[in-house]
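Below you'll find the structure, written out as structure tokens, and then a few comments.
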Amino acid sequence: MIVVMKTSASQENIDAVARRVEELGLKSHIIVGTERTVVAAIGEKRNGERETLESLEAVDKVVPILAPYKVASVETKPEPTTITTGSFTMGGGHIGVIAGPCSVESEQQILETARMVKAAGATGLRGGAFKPRTNPYSFQGMKEEGLKLLAAAREETGLAVVTEVMTPQHVELVGSYADVLQIGARNMQNYHLLQAVGEQPKPVLLKRGPSASIDEFLLAAEYILDQGNTQVMLCERGVRTFETHTRFTLPLATVPYLQERTHLPVIIDPSHGTGITSLVPPMCRAAIAVGCDGLIVEVHPDPSKAMSDGAQSMTPELFHSSMEDCRKVADALGYKM
Ligand code: PEP
Ligand code: MN
């Protein structure tokens, strides 16, 4: 249920409603909107709660939330959520661009990439230090050493660092270096991990599982939101279909579809979504045209030597020209990029 407060409601009125919600055995989330504040009351439905809440001071009305994902739903918060951390802003008409290698490989590789993507207009730096690899014998990442190199790259360029965390035990460690914690596609339904990143304060970039439905994706986001972390970005990175020409199939309709249902920023990963470098720039342009709030792309100084995902990584030069084209699309549609 959503308890919609009157525009005249004081902070005491709002706190009193939140307290009553908790007394009823429900979880309360106070959501401050531009027009008015609402208190979302989440939990198993019982009789009489609606009437109880409706009778409290400064309450305008109590309405049910129909979607299974409650805090993520536009019913709870119609205004888009904007996420700002360090160098980047995403959502509410701001397009954030996160670029960098699939994996952090060396000091020189990550610093050089960071400088070049920054010069081309990226607002965030990506790079995996803990890598979820399909094959156990593939490069597994530089781990904490890689996190230190990412932090050094932020130090020099000012770019916010986005990097993956694979297990609840590493949330504190990764959070101590990163600006945004990435939950990889393979972990989208790792509920303990979702709860662990929901309990810490840094923004979370949640990737869609390649075989997850949109409702499952939003419910995964809800696990994070339910722990009190409201800074969640949803990333479409392609799904598994019968098609074998591309690594995955990248459904761009996910962007407007999600935006009709959630206030959370929606970003596109055309690198993993296609698996083919030449397809990445056109899909970046298309993603902006359909209204995405951000992009995350792989860029490597020498893709032919990349330790992972070279076949889908752009050179810094290609990234540069791609960004110029993307800005034209963004300008034409009135997005800030
Ligand atoms: C990545 O971004 O490096 C990655 C492993 O992506 P995904 O989880 O989408 O496969
Ligand atoms: Mn990759």
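The values are calculated or read from the model by the stated rules, or taken from the named source; none is laboratory data. The structure displayed is predicted, hence computed values, not measured ones. Cβ placement follows ideal geometry from the backbone for every residue including glycine, while neighbour counts extend to all protein chains displayed. Just the protein is used for accessible areas: all its heavy atoms, side chains included, with ligands, DNA and RNA removed. Shrake-Rupley method; radii C 1.70, N 1.55, O 1.52, S 1.80 Å.
Tabulated data for the structure shown
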| read-out | value |
| --- | --- |
| Pick from segment 92-116, criterion under 20 Å from the mean Cα position of the chain (by Cα) and either of a type in the set (A, V, I, L, M) or at pLDDT below 95 (or both), ranking: nearest to Asp293 (Cα to Cα) | Ile95 |
| Qualifying residue in segment 55-65 (condition: within 16 Å of ligand 1 (Cβ to nearest atom), assigned to a loop (DSSP other than H, G, I, E, B) and surrounded by fewer than 24 Cβ atoms within 10 Å (Cβ to Cβ)) | no |
| Cβ-Cβ under 7 Å pairs, at least 6 apart or on other chains, segment 168-182 side under 20 Å from Val97 (Cα atoms), far side assigned to a loop (DSSP other than H, G, I, E, B) and open to solvent by 50 Å² or more (accessible area, probe 1.4 Å) | Ala178/Lys202; Asp179/Gly86; Asp179/Lys202; Val180/Lys202; Leu181/Lys202 |
| Members of segment 186-205 found to be open to solvent by less than 10 Å² (accessible area, probe 1.4 Å) and within 16 Å of ligand 2 (Cβ to nearest atom), listed by number | Met188, Leu205 |
| Cβ pairs under 6 Å, 6+ apart, first in segment 204-224 and closer than 18 Å to Leu250 by Cα, second of a type in the set (Gly, Ala, Ser) | Leu206/Ala221; Lys207/Gly184; Lys207/Ala185; Gly209/Ala185; Pro210/Ala185; Leu218/Ala72 |
| Among residues of segment 283-301, those that are within 16 Å of ligand 1 (Cβ to nearest atom) and either assigned to a loop (DSSP other than H, G, I, E, B) or open to solvent by less than 10 Å² (accessible area, probe 1.4 Å) (or both), counted | 10 |
| Whichever residue in segment 302-336 is assigned to a loop (DSSP other than H, G, I, E, B) and under 30 Å from Phe130 (Cβ atoms) and, among such residues, is most open to solvent (accessible area, probe 1.4 Å) | Met307 |
| Residue list for segment 95-132, restricted to those being open to solvent by 10 Å² or more (accessible area, probe 1.4 Å), part of a helix (DSSP H, G or I) and out of contact with any Asp or Glu (no Cβ under 7 Å at 6 or more places or on another chain) | Glu107, Gln108, Gln109, Glu112, Arg115, Met116, Lys118, Ala119 |
